[in-house]
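Structure first, commentary second.
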Amino acid sequence: MNATEKIEAGGLRLDNALWLAPLAGVTTPPVREFFAALGAGLTHTEMISCMGLLRDNRKTEGMLRLLPGEDSKCGNPVVLQLFAGDADTMARGAEMALAANARCGPLRFAALGVNMACPMPKVTKRGAGAALMGTETAFAMVRGLKRLGLLVWVKTRRMPDDRETLRFVEGLVEAGADNVCVHGRTAAQRYEGRADRVATAAAAERFPGKISASGDVYTVEDVKEYLNMGCVGVMLARGALANPYLFPLALRALGYRVPEDLTAPARGERIRRLLSLGERARRICGPKTALVLLKRLMAGMFKGMPGASELRRGVGLASNLEELEKLLRLDFTENIG
Ligand SMILES: Cc1cc2nc3c(=O)[nH]c(=O)nc-3n(C[C@H](O)[C@H](O)[C@H](O)COP(=O)(O)O)c2cc1C
């Protein structure tokens, strides 16, 4: 991907302002690699529990893995997304995560990300995620993480009153947050209804260079609208799952030089990319997770293609990775080969 010029955002120099949002259960290393190849300027890890890290939970530690190339210096920066209910657990968990990262080799996270957005009871009942919105604990968390010497990125949501949102964002910025992503839905809305853009626009105007956006990013126009509001970056979430090629399409619309096999991908190119994701996911995460991830991304990859719905139905019924790969290869032979 030939970028016209690098951008500065949240203390980082990035290829572009289109980022893959944190998606629990999805933004595993192979999926991040998949979206980075489509042009994502930055990605996030899954949501990692600081409590889990402190309990020496091996599964949690496994979520810290970075793949070759996943380092700001190599061009694919990854934000480590953490959650905790108090500042001390957050700081200790982050320290453990960074120590584990250092033991694994030279690749480094681009920033420490704090989840102050998740509305799910299993997270909020521990005082974490969206339960931190508007609290002093949130500010203490940011101050504590800044002491570790890394950039701190916070992802949060709109609050019911827009003035409250601005006050909260102000407190986060004063505490040292390098980037605050505002998702324009309240915690009560969870993932439903429209994402309001007014509070995000107001925050972007008041804190220039510090605010990124999330919520209802499905089209090139959505991306442009957030950037025109003054947001330094836009996080693609369900829009990226619904159409992974939204990354290259939006990048081209923003003036980047993007290869044609990404902006007008042929069926064979889509299948090749999916098979390659399946192969990488199998090696890195194991066949069960690979099946889940592939199913998650299938529908979007074939949107609008002839026979897409039959293929989708077949894929939905596949009970293991081999069956699914067979279907994809068969489609390739029948339609291309
Ligand atoms: C499956 C799924 C997992 C998500 N996981 C996270 C997460 O771990 N951390 C977070 O801050 N937001 C998470 N989100 C929220 C998204 O990052 C994003 O803010 C939200 O979906 C709004 O954007 P959209 O309307 O464009 O999808 C998740 C959303 C979905 C659909």
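The values are calculated or read from the model by the stated rules, or taken from the named source; none is laboratory data. As the structure is a prediction and not an experimental result, all values here were calculated from the model. Cβ atoms come from the backbone with ideal geometry, glycine included; neighbour counts cover every protein chain shown.
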Confirm whether residue 99 is surrounded by fewer than 24 Cβ atoms within 10 Å (Cβ to Cβ) and more than 15 Å from the ligand (Cβ to nearest atom). yes
What residue, among those in region 122-166 that are without any contact (Cβ under 8 Å) to a residue 24 or more places away in the chain and within 21 Å of residue 194 (Cα to Cα), is surrounded by the fewest Cβ atoms within 10 Å (Cβ to Cβ)? 163
Tell me yes or no: at least one residue of region 233-245 is modelled with pLDDT of 95 or more, part of a helix (DSSP H, G or I) and touching a strand residue (DSSP E or B) at 6+ places or on another chain (Cβ under 7 Å). yes
Do the conditions hold for residue 159, that is, is it within 26 Å of residue 208 (Cα to Cα), in a loop (DSSP other than H, G, I, E, B) and of a type outside the set (D, E, K, R)? yes
Residue count, region 108-162, condition closer than 18 Å to residue 184 by Cβ and either more than 14 Å from the ligand (Cβ to nearest atom) or of a type in the set (Lys, Arg) (or both), comes to 8
Within region 106-114, can one find any residue that is more than 19 Å from the chain's Cα centre (by Cα) and in a helix (DSSP H, G or I)? no
Confirm whether residue 253 is out of contact with any Ser or Thr (no Cβ under 6 Å at 6 or more places or on another chain) and under 28 Å from residue 129 (Cβ atoms). no
Step by step: first the residues of region 167-213, then only those that are in a helix (DSSP H, G or I) and surrounded by fewer than 18 Cβ atoms within 10 Å (Cβ to Cβ), then the one that is nearest to the ligand (Cβ to nearest atom). Which residue is that? 198
Could you name every one of the helices (runs of 4 or more DSSP H) located completely within region 264-337 that has at least 2 residues being surrounded by 14 or more Cβ atoms within 10 Å (Cβ to Cβ) and in contact with a Ser or Thr (Cβ under 6 Å, 6 or more places away or on another chain)? none
Could you say which residue among 85, 52 is assigned to a loop (DSSP other than H, G, I, E, B) and over 24 Å from residue 15 (Cα atoms)? 85
Right, residue 250: surrounded by fewer than 21 Cβ atoms within 10 Å (Cβ to Cβ) and within 16 Å of the ligand (Cβ to nearest atom) or not? no
